[in-house]
Amino acid sequence: MTPAVLDFVPVWTIILGFGVFLYVLLDGFDLGVGILYGFAPDLPSRNLVMNSVAPIWDGNETWLVLGGIGLLAAFPLAFAIILPAVYFPVLVMLLALIFRGVAFEFRYRDAEHRTFWDHAFCYGSALATFAEGIVLGAFIQGFQTAGRQFAGSSFDCFTAFSIFTGIALIFGYSLLGAGWLVLKTQGALQDWARRLGRWCLFGVLFAIAVVSLWTPLMVPDIARRWFS
């Protein structure tokens, strides 16, 4: 009798998919709050926005570590192809996340330059989100390979489509952040978050429509699956 063999590919696929989902959900609203932070009307509002994510912001990024280490451990060939293809946006994302974390801490400790750290927190969040959108767009487009190696350029990930997905992800994360602030605030600040959330929702719906039309036109295999 042939012993049963456990196939770890679907197991690790589920684990990585679950990790990516939690990262987008949890660190997504975290980054979205950081993006909206730059539009807060006054200093008391910025303090409330910052305090709403203060206890949890750093823990949310743990899921990003799980995704990267899990991909390396379970699918080393995919890791070896994907990482060189998206090297620059991943580097920008990590630097922006680090700069964002530094700004978060120094905002309280360096009151003299608080305005600078406020901008750093906002722009670091936006830049990290945009870089993640570039990675997503590049992944949808696919990677040029020769055998078992990446054969393209590190700049191939920067296309009109990936730049659009980067902008779209900013609206998506901002929508999550607005929803978080609606839950965690009240009064005028809650109304402000709700108004921004409506604008972000319109941006997300527009992005969904554009990507749904653009993707089958860009990838013939997807067009065949959609229209066959």
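The values are calculated or read from the model by the stated rules, or taken from the named source; none is laboratory data. Worth saying up front: this structure is predicted, and the values here are computed from it rather than measured. Note: ideal-geometry Cβ built from the backbone for every residue, glycine included; neighbour counts use all protein chains shown. Heavy atoms of the whole protein, side chains included, go into the accessibility calculation; ligands, DNA and RNA do not. Shrake-Rupley method; radii C 1.70, N 1.55, O 1.52, S 1.80 Å.
When the solvent-accessible area of region 127-196 is split by element, carbon and sulfur atoms take up 63 percent of it, the probe being 1.4 Å.
Given the DSSP H assignment, sum -39500 (n - 2.57) over each helix run of at least 4 residues in the chain and divide by its residue total; what's the result at 222 nm in deg cm²/dmol, nearest 500?
Rounded to the nearest 500, the figure is -27500 deg cm²/dmol.
Taking label points 7 Å from Cα along the Cα-to-Cβ direction, Gln149 and Arg114 give a separation of 5.5 nm.
Leaving out ligands and nucleic acids, note down the accessible area per residue over region 7-58 with a 1.4 angstrom probe, in whole Å².
49
Each label point was placed 7 Å from the Cα along the Cα-to-Cβ direction; for Ile56 and Ile163 their separation is 3.5 nm. Are there DSSP H segments in the chain that both extend 30 Å or more along their axis (alpha-carbon positions) and score a mean Kyte-Doolittle hydropathy of at least 1.6? List them, or say none. Taking the DSSP H segments of the chain (at least 30 Å long, mean hydropathy at least 1.6), we get 8-37, 160-184.
Around the Cα centre of the chain, unit charges on the Cβ atoms of Lys, Arg, Asp and Glu (plus for the first two, minus for the last two) sum to a dipole of about 400 debye.
Over the chain, what is the relative contact order in whole percent, taking alpha-carbon pairs under 8 Å and six or more residues apart? Answer for the chain is 24 percent.
Of the trypsin sites (Lys or Arg not before Pro) found in region 138-228, the ones in coil according to DSSP and having at most 10 other Cβ atoms within 10 Å of their Cβ are Arg148. In the chain the longest region clear of chymotrypsin sites (Phe, Trp or Tyr not before Pro) that are loop-assigned by DSSP and have at most 14 other C-beta atoms within 10 Å covers 40-154.
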